[in-house]
Each structure stands twice: as structure tokens, then as C-alpha cells.
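Inspection log for the structure reproduced underneath, given as C-alpha cells.
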Amino acid sequence: MRYVSTRGTAPAIGFREATLTGLASDGGLYLPDAWPTMSPAEIGALAGLSYAETAVRVMLPFVGDDLAEAELRQLCEAAYGRFSHAAVTPLVQIDHQHWLLELFHGPTLAFKDVALQLLGLLFERFLAGTNQHLTIVGATSGDTGSAAIDAVAGRDGVDIFMLHPVGRVSDVQRRQMTTVLAPNVHNIAIEGDFDTAQALVKAMFNDRAVADRFSLSAVNSINWARLMAQVVYYFYAAVRLGAPEGRVAFSVPTGNFGDVFAGYVASRMGLPIQRLIVATNVNDILHRAIASGDYSKGSVQQTATPSMDIQVSSNFERLLFDAGGRDGRALAQQMAEFERTGVMRLTNAQSEGHAGLLSSDRVDAHAMTGAMRWAFSQAGEVIDPHTAVALAAARRAGLDVPVVTLATAHPAKFPDAVEQATGGRPALPARVGDLFDREERFVTLPATYDAVSAYICERAVPSA
Ligand SMILES: *Cc1c(COP(=O)(O)O)cnc(C)c1O
């Protein structure tokens, strides 16, 4: 399996390299050169398997020769052994048609653990026995940061620099990052919003002087291995609801389009997905892009769902590439134009390439709160605001197949919004219970490239 860039000029690379790097040298994102497929018989054979074993079967074609099957199995068992539920990602039924897929039973209580626990182990495995030192630089709107830090804290050969927008992540989210005091963990609060922080990280990756000195790596969802790990739970859930004979729909609370793109990959691999609902909050660039082909930036509005408060959605480029016929050079021009003007029209090929599979919805605060109340009154389920955005969209979609809403965070990560909607304040699970007594460590920097790059270059370890 080889990985190619969405912008057409960077050379193709293998799985190990795609895991250890971030952006391709032409500014694009890596994707497999062709989708592996699973036959209905192979999908049917997943029924009854453990999560870790499902992960091995689904991911094996993607790792190529870089990992033996037994090694992959060992890593999956270690990564998913750290989850607090034996099913890893259990399904919970709300009514005759709606299910929640609970993706928040990992160490930091959000779905990002599902991919990042594995990614931390892949980094360690691929760096062992080399003298390569990895410098992870990332931006987070909350959950990626804590999950990535948990996954690499204290590991050899890796430093992590994590930027978060000051004041725009919840107290639980911030403390889950800043109370990890391992010497290889560096938290930076940026005086700006998430898109600004993400743009600073992108600028570092595009700075040749920095890229030549350090082995920069990405843990945000531009990293292919993360998306690959997320493909697994679409298979795991669909098989339990009747696939491959029966069709299933998924509703996905969407920010950077990583989670929903993993569902798109599952569909390309042969999983019979009836519909993937791209659910946004009022920051609706993706809803406009899916519904009417209009991908143009507005300004970010703060909502109760900070992990979806974005305007530029990095993984959308992967959809544009794959659905639009994989013309990297044309996409490079389209993206350059978007970066210049902030405006893009999807081509007919790009829109037709996802038509029938993707739909979208924009969910405001009122509808989100309504979905939280409905889940509670219907089934006694307390859900987080991000999950509620997707559940609201799922209920409005008018489908006649089982609909699985991805429950992306534990409600205790967003206690204020939950309390406002349901009147009850969710408690933090015991395993993170002393979070508010722990010491915090972070620096605050202005949102300028000079300040951030200087801070990181002073502390990072050169590659070799
Ligand atoms: C990251 C995140 C999302 C958005 O996921 P993307 O892959 O960026 O689309 C939604 N909900 C929660 C709780 C998240 O942490």
C-alpha cells in the first residue's frame, strides 16, 4: 500500500512514513493510492469479534509491509485495553431507530482516544531502534490535545507541543492537557481562536528551515493513521446492527471532517452505509459545502460545542480529492485559490462524487438542547453537546434504517451545557476525578508565527 498526496506532486510513501510525517511536502494530505475492499463475507465474519480483532482485520490492508499481523494485533490489544468498557465502543439504544455509539470510554473521555492511543504506540514502534527524534506540533480545539498528550506523555523519542486557543476550551479539557507534567509535554495557550492556532501549526510545517532541522509530526486528523483507526468503529457498529445484509446510517458531529471522512472510507471499502450525516453547529461551512457546493469561510462563532467551532476543515481536502476524481494538480490550484480568497465552489465532479452518501444539517443551540432533553427523557441518556448536535440532525434526517449517532465526548467534559439542558450536572468518572486538584503548567504566547516558532525551536530536539 502506497500513500499519495492530495496535491499531486509529493512522492508516494509507505505507511510508516505516512504515520511519522504530517503534511506532504507539496502541502497536501496523504491518502492510500487505492481503497482496499472487504467482501460481504469478510464483513459478515466480523460479527462477534472483539474490538481489537475487528481493528486488526479492518486496518491490516493499510499497514502494508510495515507491520506484521501479529505486531498489529499486539498494538491494538494494548491500545484498546486501556478503555474502561469491555466493548471499547459500545452501542446504546435510544428508541426503535436511534442508537448512540459511545466513543468516549478512553483515558481522556473523547473519541480522539480511539485513534490516538494506537498512534502513540505506532510512533513508539516505528521509532524504536532508530535515532530519529520526533517533534509533534499540533493545535487543538480541546479534545485532540488531551488525547494526544495522554498517548505520548513520557514516551521515548517524542516531544509534543500543543497549541490551544486561550479561553476557548473547557476547564476539564484544559486541565487534561496542562496537568500532564511529563518533561516531553509542552502546552502553549495562543491568544487567538482555533483556526489561528491551526494556521500557525500549518505555517511551521511549511517552513523549510524548521522542517529540515526537526522531524515534525502531526497528531491532528491530517495524520492518516488516525483516520484509519477511526474506520474500525463504523464496521464494528454496522455489523452489530445487521451489516452486511442490512444498511445503517451514521450521524457525525463534524469539525475537521476527520471522523466523517473515516465513515466515507468505510463506505469505499464496501461497508453498506445508507447515509453519512455531516452535522455542524452554526459554524456551518461544511453544511453549505455538502448541501450547495459553497465552501467559503465565515468568521468563527463560539458555541457550546468548541470542537466544532471551526471554519476551515482540514480533512475536507481529502473528500474533494477522492470524490472529485483524484486530480491532485487541479486540487492544488483550487486550494491555492481558496487560501487566497477564502471562497471555493465544489466542482460538479466533487459534488456528484459524494451525492447519495453524504447529507448535512446545521444545528443551532435550541435544537442541540432539544436533543439533549430528548435523549434524557426517552432513554435516561445524558449526552454531551457535540453528540446532541449529531442526534438532532439524525432525528431530522427522515431515514428508515437504523441511525447511529456518534457520541464523541463524555458529558462530564461539558458539564455547564449539560446542566443547562437537563438540570443535572454530570460527574467526572472516578478515574479522572482529581483533575481539579492537580498542578497546571503552560505558557501563553501571542498569535504570531515568530513567537511560536521561536518557542518551539528553542526547546525541540533536532531530528538526528
Ligand atoms: C474532535 C471532535 C469533534 C469533531 O471531529 P472531527 O474529526 O474534527 O470532525 C466532534 N466532537 C468532539 C467531542 C470532538 O472532540
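Among the residues of the range 299-318, is there at least one that is exposed (fewer than 15 other Cβ atoms within 10 Å of the Cβ) and over 24 Å from Asn220 (Cα atoms)?
Checking the range 299-318: not a single residue is exposed (fewer than 15 other Cβ atoms within 10 Å of the Cβ) and over 24 Å from Asn220 (Cα atoms).
Out of everything in the range 242-263 that is in contact with a Phe, Trp or Tyr (Cβ under 7 Å, 6 or more places away or on another chain) and more than 9 Å from the ligand (Cβ to nearest atom), what residue ends up being farthest from Tyr80 (Cα to Cα)?
Checking each candidate, the answer is Phe250.
Pairs only if they're at least six apart or on different chains, beta carbon under 6 angstrom, first in the range 37-48 and within 20 Å of Phe62 (Cβ to Cβ), second of a type in the set (S, T, N, Q) and modelled with pLDDT of 95 or more; list them, first residue then second.
Taking only residues 6 or more apart or on different chains, the pairs are Leu46/Thr54.
Test of understanding: among His133, His96, which residue is farther than 19 Å from Trp224 by Cα, surrounded by fewer than 22 Cβ atoms within 10 Å (Cβ to Cβ) and without any contact (Cβ under 8 Å) to a residue 24 or more places away in the chain?
His96
Do we find that Thr408 is among the polar types (S, T, N, Q) and more than 16 Å from the ligand (Cβ to nearest atom) in this structure?
no
Determine, yes or no, whether Ser307 is under 20 Å from Ala393 (Cα atoms) and within 13 Å of the ligand (Cβ to nearest atom).
yes
Starting from the range 416-427, keep only residues that are in contact (Cβ under 8 Å) with a residue 24 or more places away in the chain and under 11 Å from Phe376 (Cα atoms), then list their pairs with residues that are among the aromatic types (Phe, Trp, Tyr) and in a helix (DSSP H, G or I) whose Cβ atoms are within a distance under 7 Å, requiring at least 6 positions of separation or different chains.
Thr422/Phe376
Can you name the condition, by its number, that Arg340 falls short on among (1) over 27 Å from Thr140 (Cβ atoms); (2) out of contact with any Leu (no Cβ under 8 Å at 6 or more places or on another chain)?
Arg340 satisfies every listed condition except (1).
Restricting to strands (runs of 3 or more DSSP E) lying wholly in the range 348-453: which have 3 or more residues that are among the hydrophobic types (A, V, I, L, M, F, W, C)?
Filter on the range 348-453 gives 403-407.
Is it the case, given these coordinates, that Ser221 is at pLDDT 95 or above, within 15 Å of the ligand (Cβ to nearest atom) and under 30 Å from Ala52 (Cα atoms)?
Spelling it out, it is not the case that Ser221 is at pLDDT 95 or above, within 15 Å of the ligand (Cβ to nearest atom) and under 30 Å from Ala52 (Cα atoms).
Which ones in the range 314-342 are within 16 Å of the ligand (Cβ to nearest atom), of a type outside the set (Gly, Ala, Ser) and not in a helix (DSSP H, G or I)?
Asn315
Among the numbered criteria (1) at pLDDT 95 or above; (2) in a helix (DSSP H, G or I), which single criterion is violated by Leu49?
(2)
Out of Pro40, Pro32, report the one residue that is at pLDDT 95 or above and more than 19 Å from Gly64 (Cα to Cα).
Pro40
Return only the number of the condition from (1) out of contact with any Cys (no Cβ under 8 Å at 6 or more places or on another chain); (2) away from the ligand (no atom under 16 Å from the Cβ) that Lys112 does not satisfy.
Exception for Lys112: condition (2).
Please verify whether Ala10 is under 19 Å from Arg240 (Cβ atoms), in a loop (DSSP other than H, G, I, E, B) and more than 22 Å from the chain's Cα centre (by Cα), treating the condition exactly as stated.
No: the conditions fail for Ala10.
If I ask for residues that are part of a strand (DSSP E or B) and under 24 Å from Thr254 (Cα atoms), which ones from the range 162-190 would you list?
Those that are part of a strand (DSSP E or B) and under 24 Å from Thr254 (Cα atoms): Met162, Leu163, His164, Pro165, Ala189, Ile190.
Every residue in the range 264-281 that is of a type in the set (Gly, Ala, Ser) and more than 10 Å from the ligand (Cβ to nearest atom), please.
Ala266, Ser267, Gly270
Limited to the range 115-135, what total is found for residues that are over 30 Å from Ile383 (Cα atoms) and either of a type in the set (Lys, Arg) or within 16 Å of the ligand (Cβ to nearest atom) (or both)?
1
Here are some residues: Ala87, Ala79. Which one is of a type in the set (A, V, I, L, M, F, W, C), more than 16 Å from the ligand (Cβ to nearest atom) and crowded, with 20+ Cβ neighbours inside 10 Å?
None of the other options fit; the residue is Ala79.
Yes/no per residue for (1) closer than 21 Å to Ala367 by Cα; (2) assigned to a strand (DSSP E or B):
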{"site": "Ser251", "(1), (2)": "yes, yes"}
{"site": "Phe261", "(1), (2)": "no, no"}
{"site": "Val265", "(1), (2)": "no, no"}
{"site": "Leu271", "(1), (2)": "no, no"}
{"site": "Asn283", "(1), (2)": "yes, no"}
{"site": "Ala291", "(1), (2)": "yes, no"}
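Just checking, how many residues over the range 47-76 are surrounded by fewer than 16 Cβ atoms within 10 Å (Cβ to Cβ) and polar (S, T, N, Q)?
Result for the range 47-76: 1.
Of (1) under 16 Å from the mean Cα position of the chain (by Cα); (2) surrounded by 24 or more Cβ atoms within 10 Å (Cβ to Cβ), Val152 satisfies all except one. Which?
(1)
The values are calculated or read from the model by the stated rules, or taken from the named source; none is laboratory data. Owing to the predicted nature of the structure, the values given are computational and were not obtained by experimental measurement. No Cβ is skipped: glycine too gets one built from the backbone with ideal geometry, and neighbour counts run over all protein chains shown.
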